[in-house]
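J.: Before I ask anything, here is the structure I am working with.
Bear in mind these aren't lab numbers, they're just calculated from the coordinates by the rules spelled out. Predicted model, so just to flag it, every value in this text is computed and none were measured. A quick note on method: Cβ atoms are made from the backbone with ideal geometry, for glycine too, and the neighbour counts reach across all protein chains shown.
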Amino acid sequence: MDAFSGSGTPSALDAALARAWVAAIAAAVTTRAAELTDLDAAIGDGDHGVNLRRGFDAAVAALAGFEADTAGAVLTKTGTTLVSKVGGASGPLYGSLFRALGKALADDPAALGAGLQAGLDAVVRLGKASPGDKTMVDALTPAVDAYVAAAPSGLAAAAAAAATAAADGAAATTPLQARKGRASYLGERSVGHQDPGATSTALIFAALADVT
Ligand code: ADP
Ligand code: MG
């Protein structure tokens, strides 16, 4: 859908849409906090829901007092807030993702696919996880690939494709044995549980699909 269609379908992620995305993530992690915490209680330390609520609530609060007219600035601020407010592994990882995404959008506001790829690269640089290690990378990688492949169809279609791919990627972590993060300490006992971080990544892309 192009900018002149008049249908109300957004063609790019502007500052208002980026704010709406972050608010939708905060709402989703609040609604699903117990589920994320239960998943993390099974193969980690049970704080993933709490960590993400604290981080995204803080991001919404920080953005309320932040004058920014680009998606890049909004998402960079979100990432910086996550890094400073979330103690768990997911804070620095998601913080790096949003900071890299924001920086990439500041350089080229139209290239959300390239920005998401930069976010994934930042997560991998920091956490050193590969697909199959039972982490957020297992949802993030297929989501970014699906977004890039569907990008010619427009923002909403690409976001919907990414959300589906992220959900499928999260579900596919269940039979895996964790090789990174706290869950890896469990060895074979990590098998049979969906990874909490891959699950929250699916929420993040579902929120993007909801607002676009
Ligand atoms: P912590 O493990 O410190 O308690 P959280 O519970 O908030 O932090 O986040 C756990 C999630 O972080 C895991 O489910 C996994 O998806 C993700 N994670 C942990 N370590 C890594 C890593 N090295 N690379 C990518 N993701 C990771
Ligand atoms: Mg945890």
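J.: Rounded to the nearest 0.05, what FRET efficiency do D108 and R179 have when you use their Cβ-Cβ distance and R0 = 30 Å?
T.: 0.30
J.: How far, in degrees from 0 to 90, does helix 137-150 lean away from the longest principal axis of the Cα atoms of the chain, to the nearest 10?
T.: Between the helix axis and the principal axis of the chain, the angle is about 30 degrees.
J.: Under 18 Å from the 7 Å Cα→Cβ point of E188, by amide nitrogen: which residues of segment 34-64?
T.: 43
J.: Further question: So if I take the centroid of the Cα atoms in segment 47-88 and the same for segment 168-194, what is the distance between those two points in Å?
T.: Spelled out, the Cα-based centre of one part sits 27 Å from the other.
J.: If neighbour count is taken as other Cβ atoms inside 10 Å, put H48, H193 in order from fewest to most. Mind showing how you got there, number by number?
T.: Details: H48 28, H193 22.
Going from least to most buried by this count: H193, H48.
J.: With axes computed from alpha carbons, what is the tilt in degrees of helix 196-211 against the longest principal axis of the chain, rounded to the nearest 10 within 0 to 90?
T.: 20 degrees
J.: Taking the Cβ of G49 as the center, what net charge do the other residues with Cβ under 9 Å away carry, scoring Lys and Arg +1 and Asp and Glu -1?
T.: -2
J.: Which value in deg cm²/dmol, rounded to the nearest 500, describes the helix-derived mean residue ellipticity at 222 nm for the chain, given -39,500 (n - 2.57) per DSSP H run of n ≥ 4 and division by the residue count?
T.: -22000 deg cm²/dmol
J.: What are the ³J(HN,Hα) values, in whole Hz, obtained from phi via the Karplus relation 6.51 cos²θ - 1.76 cosθ + 1.60 with θ = phi - 60°, for each residue of segment 97-104 in sequence order, with x given for Gly and Pro?
T.: Calculated HN-Hα couplings, in order: 4, 5, 5, 5, 4, x, 5, 5 Hz.
J.: Relative to the present Cα-Cα distance, how much length would full extension add between A12 and D210 at 0.36 nm per residue of separation?
T.: Gain on stretching A12 to D210: 69.8 nm.
J.: Also, I was wondering about something else. Where the only charges are on Cβ atoms (+1 Lys, Arg; -1 Asp, Glu), what is the dipole of segment 15-211 about its Cα centre, to the nearest 20 debye?
T.: With Lys and Arg at +1 and Asp and Glu at -1, about 400 debye.
J.: Cα-based count: Lys pairs in the chain below 25 Å, eight or more positions apart or different chains?
T.: Taking the chain as the scope, the lysine pair count is 10.
J.: Can I ask one more? For the chain, state the semi-axes of the equivalent ellipsoid (square roots of 5 times the eigenvalues of the alpha-carbon gyration tensor), sorted largest first and rounded to whole angstrom. Kindly include the intermediate steps, with their values, before the conclusion.
T.: On the way: eigenvalues 149, 68, 42 Å².
Those come to 27, 18, 14 Å.
J.: Rounded to the nearest 0.05, what FRET efficiency do K128 and D45 have when you use their Cβ-Cβ distance and R0 = 30 Å?
T.: That gives a FRET efficiency of 0.90.
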